[in-house]
Number of protein chains: 6
Amino acid sequence: MKVLFIDKKIDYLGTQLAPHWIYRNFGVLGDAVVAFVGEADVPADNMVDIADALEKAFIYSPLMLHFIVEHFNNNLDLAIYRQRLLIVCIKEELEQFEVPVRRLGDDLYVNKGKLSVSIATVSAVSSLIHVGLNIDNQGTPVKTSALSELGIRDVKAFAEKVMLRYKRELEQIYEARCKVRGI
Amino acid sequence: MKVLFIDKKIDYLGTQLAPHWIYRNFGVLGDAVVAFVGEADVPADNMVDIADALEKAFIYSPLMLHFIVEHFNNNLDLAIYRQRLLIVCIKEELEQFEVPVRRLGDDLYVNKGKLSVSIATVSAVSSLIHVGLNIDNQGTPVKTSALSELGIRDVKAFAEKVMLRYKRELEQIYEARCKVRGI
Amino acid sequence: MKVLFIDKKIDYLGTQLAPHWIYRNFGVLGDAVVAFVGEADVPADNMVDIADALEKAFIYSPLMLHFIVEHFNNNLDLAIYRQRLLIVCIKEELEQFEVPVRRLGDDLYVNKGKLSVSIATVSAVSSLIHVGLNIDNQGTPVKTSALSELGIRDVKAFAEKVMLRYKRELEQIYEARCKVRGI
Amino acid sequence: MKVLFIDKKIDYLGTQLAPHWIYRNFGVLGDAVVAFVGEADVPADNMVDIADALEKAFIYSPLMLHFIVEHFNNNLDLAIYRQRLLIVCIKEELEQFEVPVRRLGDDLYVNKGKLSVSIATVSAVSSLIHVGLNIDNQGTPVKTSALSELGIRDVKAFAEKVMLRYKRELEQIYEARCKVRGI
Amino acid sequence: MKVLFIDKKIDYLGTQLAPHWIYRNFGVLGDAVVAFVGEADVPADNMVDIADALEKAFIYSPLMLHFIVEHFNNNLDLAIYRQRLLIVCIKEELEQFEVPVRRLGDDLYVNKGKLSVSIATVSAVSSLIHVGLNIDNQGTPVKTSALSELGIRDVKAFAEKVMLRYKRELEQIYEARCKVRGI
Amino acid sequence: MKVLFIDKKIDYLGTQLAPHWIYRNFGVLGDAVVAFVGEADVPADNMVDIADALEKAFIYSPLMLHFIVEHFNNNLDLAIYRQRLLIVCIKEELEQFEVPVRRLGDDLYVNKGKLSVSIATVSAVSSLIHVGLNIDNQGTPVKTSALSELGIRDVKAFAEKVMLRYKRELEQIYEARCKVRGI
């Protein structure tokens, strides 16, 4: 699993949740997690969550830390389990900063303000996960919290620690899988 | 997914990590999570973790809260993802009691004392998970922590909340899976 | 598995065989079977059976009882086995009315008149089944039979019994799966 | 899929439900269905249905027509769907003889007498199905019906038609699978 | 698995790598391998290899022997293993002609001239493989070799031997799978 | 995928084809290929090929180069495809030495002498492959060839090249899988 922080600002429009987006744009081949910073502005047409699309919900945040994960396996159940673990990794990294964060499914909340948006889905050849964390939260459509309020100043360092934690989590799962006998 | 707290004391010897143990003993058919209280004394021969077996490690605790989960699906990777989420559910329930708990893979620590043991494996027809949490920890072979020290007095109520949390987690994952379109 | 009879007349054009059609239109989330009554008029372009499309066959019936099933599992083989069982459930429900019905694969015949059309396919996230049973059969392109001739007056009650039968069938299969040991 | 009627009397003890039993004894390699005639006397220890084993149920019939199916695929869900279709094939063949047979899951009844026993399970390399149909039913532990009462005189011819029907059913499912486009 | 040599010249544009192309055009239903002769001229837009598409590579050859394989199974990993074995079958057939051929992944080289192009991919319902072997190689964009130089005069006979070899290879794999016990 | 040549002589009795044998004995965790040198003497009871066991065949060779591969994936079909590719890797490495080797399924022949024995199977948690190549061939039960006759003097270097070739082959397959778009 490869890890990359992209130093260029990229606005997230939902179009980045696409197979091979990481490979096409950054030359990283195979299972990977990348992070970058940018606005989030996902029109209803680009949303892959049918419930949100039905409610004409949209996603807006002036500045977010984005994670895009691609696994070359198109099992949707597994993709959602992995998304949950990525969310847990973010929560646990925030706990290092003594941020009192709550998780509800794939959402993170701090003091009842929603910190994150997230989705997991599949293409014909891979599974894809997006997580966005508010850095700044002026103008967000619901009550939110943001990394800037929570004392996370070095967003890049934070992102790298989250990605490393996720990478290690999956490595440990693989090792656990290889150590156990059937019954 | 069915949920059951068994009010009878049962000592955990590793033999309970067996297909249909829940059904044979408690008549609960299908995917289920059960909890009970008892000693833990797993001889090396009953251990399914090869690394532990090689090190002649054994598991001993005078009193533990045990969870046994059986899913009728024999995908070992998925079983380990589910085990991780069960561990996360326990951690998050402990956070309701303001217990500062850390997770490392499938282990939980409080103040560097190991609170838990856990394993996930598969049979020909199902996957099985065991988690044990020390209630008391006299005579444990490593430095441990225990629910009794952490202010968890009503172990049954705690167990039921954990099981409900796990059940809801899996329901939310199923709902998420059904709401998302492919890309 | 959720079950719903939709009391509104809906003409079947093939466009209803789409992922999340049930959820988008009726708010029913997850594995489900729904039934409704309406014309069937599927142009060759909407047909998912390549053999039919090649033959420029089309489906027309002035009034049909339609079933749409969605399972959130995209295994096409399993989808076809489930389609066969749904067809068997319809046959067995008709037998309650002493209708002498024959099954050939996924087709039902009464006195050599074709009673049904059916297809099963997959999307990226789910599998979908359509079955249509003639209620009336004026103007159908082949020799057909129809529920109205067979003494099935209360089409809604019939549909609900078929759906319940299918739901129970799948529940029994799940229970059988959970009761058996490997060898 | 290969088809074989074995002309030798073989008593069914449950030990025949084993991987490669067909290949080891009759040299038939690969997916196959075989049939033979013999007593059925399965002690509780050989039963693979946990529910039956718990109830100390046993299977006894003085003379049965037995089918053993082996598919070299170890998906238990699929095995149970196939078992259901084999039971449906037997029901439909009986309908050719105007026998009014009812199916409940994997059981067949004629005039409230149980005609059949059946089980499906998996080994590490394959799935296995057994179906037994009473030919004679003196001394059976529950109320039963039997082929001899139902006008099925030529048991071998009946068995061969059932096996052919099952083979065709699976071929049609394969063809249906190959004809359909995704959506 | 069906085998067909198509005696009509067909230029390969990449559009033939499509689900049911074989069935729609030649009426061959189910898993199949077909071969034909024609130009190869695949524009970048039709390429399914992202690396090639990114490099604006294209495929051109004045005359190639083409193989198209369709398996009704949409496991991409398995599709690539099968593609490798088809390439190995071609290499081994060339060895019958004492052609010193080297394989690198899915490419074949003779005297450092590239003999082949190949790709494997999946649709929602099947997996597809294309292999093209230069018959003639005037105007190819890289250094190539060609069957005409290698003493393969009867291209149709060669194609039929390759297809037979591939068919047998898969049959042997199936037989091996059915002969082995689990451990 | 880890690669290890074991410098200690180990006689192959069939017992080494066991899950976690590599991990238990050499501490190598996860997917791995190891090689070692030793006698081969597999009694019929240890044979996992039913055909060989039925024929009371046994395997004997005074000195063989052995490969044991374990992949933590229990798909038997995939295991056999991988076994075929390992055999191809051995053939292609022998071609570097200008040895005219023929492959028939999973067997290698040089001048009609059988060079190899091989089997692939699965356990509940993994798949396992054994390949043995005669180094010396006195006393073998069939006509054989041996590496010592073929100019392969440095057996360890040869083994390491084969293992590297296999490792690269699987890496290339993974990369190919990650580069291709669905259709």
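The values are calculated or read from the model by the stated rules, or taken from the named source; none is laboratory data. From a predicted model like this one, the values you see are computed outputs, not experimental measurements. Counting neighbours? That spans all protein chains shown, and the Cβs are built from the backbone with ideal geometry, glycine included.
Listing for the model above:
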item: Any hit, region D:91-108, residues being within 14 Å of chain E (Cβ to nearest Cβ) and in contact (Cβ under 8 Å) with a residue 40 or more places away in the chain; result: no
item: Residue in region A:110-118 that is in contact with a helix residue (DSSP H, G or I) (Cβ under 8 Å, 6 or more places away or on another chain), surrounded by 21 or more Cβ atoms within 10 Å (Cβ to Cβ) and closer than 30 Å to residue C:122 by Cα present; result: yes
item: Failed item in (1) within 14 Å of chain F (Cβ to nearest Cβ); (2) touching a residue at least 12 places away in the same chain (Cβ under 8 Å), with residue A:172 passing the rest; result: (2)
item: Counted residues, region D:16-32 - those being of a type in the set (A, V, I, L, M, F, W, C), within 14 Å of chain E (Cβ to nearest Cβ) and in contact (Cβ under 8 Å) with a residue 40 or more places away in the chain; result: 3
item: Selection from region A:93-120 of residues that are in contact with a Gly (Cβ under 8 Å, 6 or more places away or on another chain) and either farther than 16 Å from residue B:85 by Cβ or aliphatic (A, V, I, L, M) (or both); result: A:97, A:99, A:116, A:117
item: Pairs, first among the small types (Gly, Ala, Ser) in region E:1-15, second not in a loop (DSSP other than H, G, I, E, B), C-beta under 7 Å, six or more apart; result: E:14/E:42; E:14/E:46
item: Of the criteria (1) touching a residue at least 40 places away in the same chain (Cβ under 8 Å); (2) over 26 Å from residue B:181 (Cβ atoms); (3) polar (S, T, N, Q), which one residue C:116 fails; result: (1)
item: Enumeration of residues in region F:1-37 that are in a strand (DSSP E or B) and out of contact with any helix residue (DSSP H, G or I) (no Cβ under 7 Å at 6 or more places or on another chain); result: F:2, F:12, F:36
item: Subset of region E:68-85 [touching a Ser or Thr at 6+ places or on another chain (Cβ under 9 Å) and more than 12 Å from chain F (Cβ to nearest Cβ)]; result: E:69, E:72
item: Within region D:134-157, tally of residues that are free of Cβ contacts under 8 Å to residues at least 40 places away in the same chain and of a type in the set (Lys, Arg); result: 2
item: Scan of region D:48-84 for residues that are at pLDDT below 95, surrounded by 23 or more Cβ atoms within 10 Å (Cβ to Cβ) and over 21 Å from residue D:157 (Cβ atoms), ordered by number; result: D:59, D:74
item: Residue match in region D:2-14 (condition: within 15 Å of the chain's Cα centre (by Cα), of a type outside the set (Gly, Ala, Ser) and within 14 Å of chain C (Cβ to nearest Cβ)); result: yes
item: Any chance residue D:45 is modelled with pLDDT under 95 and either away from chain C (no Cβ under 14 Å) or more than 17 Å from the chain's Cα centre (by Cα) (or both); result: yes
item: Test: residue C:56 is of a type in the set (D, E, K, R), closer than 23 Å to residue D:179 by Cα and touching a strand residue (DSSP E or B) at 6+ places or on another chain (Cβ under 9 Å); result: no
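Residue-by-condition table, conditions (1) over 29 Å from residue D:96 (Cα atoms); (2) polar (S, T, N, Q); (3) buried (at least 17 other Cβ atoms within 10 Å of the Cβ); (4) touching a strand residue (DSSP E or B) at 6+ places or on another chain (Cβ under 8 Å):
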{"residue": "C:86", "(1), (2), (3), (4)": "no, no, yes, yes"}
{"residue": "C:94", "(1), (2), (3), (4)": "no, no, yes, yes"}
{"residue": "C:97", "(1), (2), (3), (4)": "no, no, no, no"}
{"residue": "C:106", "(1), (2), (3), (4)": "no, no, yes, yes"}
{"residue": "C:121", "(1), (2), (3), (4)": "yes, yes, yes, yes"}
{"residue": "C:131", "(1), (2), (3), (4)": "no, no, yes, yes"}
{"residue": "C:140", "(1), (2), (3), (4)": "no, yes, yes, yes"}
{"residue": "C:162", "(1), (2), (3), (4)": "no, no, yes, yes"}
{"residue": "C:181", "(1), (2), (3), (4)": "yes, no, yes, yes"}
